[in-house]
Amino acid sequence: VLPVIMAGVLGIYGLIVGAIINGRILPPSGGQPAYSLFEGYAHLASGLACGLSALAAGLAIGIAGDAGVRAVGQIRDETNRRQMSTGVILVLVFGEALSLYGLIVSLVLSQKSAPDACV
């Protein structure tokens, strides 16, 4: 159950980035574009950073979760099962950290504003 919940969090990261980017898009005013190419490419890079890191984290969580569930299921002794479960959870958390790093990079990229030379 835990790998499924952790994988669902990855989608929430994308939703957060999408809402932030959507709030930064401005309509044209007075015939002049208020949304520059620089900001457009920065937002594209932001979305790609979040999306690709979530894809990598999802792959890591899926593989580690599958192997962990199979390994824990084969152990008969309760003490060893708890120790193995702790290790599996730790590996899943490290997989989730991949996407968290991508979210941080994405938030930094989405806050970049256009310099005066790039319009």
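Within the range 70-85, residues that are within 20 Å of Pro3 (Cα to Cα) sit with their Cβ atoms under 6 Å from residues that are of a type in the set (Ser, Thr, Tyr), at 6+ positions apart or across chains, in these pairs: Val72/Ser85. Name every residue in the range 84-100 that is in contact with a Ser or Thr (Cβ under 7 Å, 6 or more places away or on another chain) and either open to solvent by less than 60 Å² (accessible area, probe 1.4 Å) or modelled with pLDDT of 95 or more (or both), in order of residue number. The answer is Ser99, and nothing else. Against the test of being open to solvent by 80 Å² or more (accessible area, probe 1.4 Å) and at pLDDT 90 or above, the options Leu48, Leu107 yield a single qualifying residue, Leu48.
Residues that are part of a loop (DSSP other than H, G, I, E, B), hydrophobic (A, V, I, L, M, F, W, C) and open to solvent by less than 60 Å² (accessible area, probe 1.4 Å) within the range 17-44 comprise just one, Ala34.
The values are calculated or read from the model by the stated rules, or taken from the named source; none is laboratory data. As the structure is a computational prediction, the values presented were derived from the model and not from experiment. Note that we place each Cβ from the backbone using ideal geometry, even for glycine, and neighbour counts take in every protein chain shown. Just the protein is used for accessible areas: all its heavy atoms, side chains included, with ligands, DNA and RNA removed. Shrake-Rupley method; radii C 1.70, N 1.55, O 1.52, S 1.80 Å.
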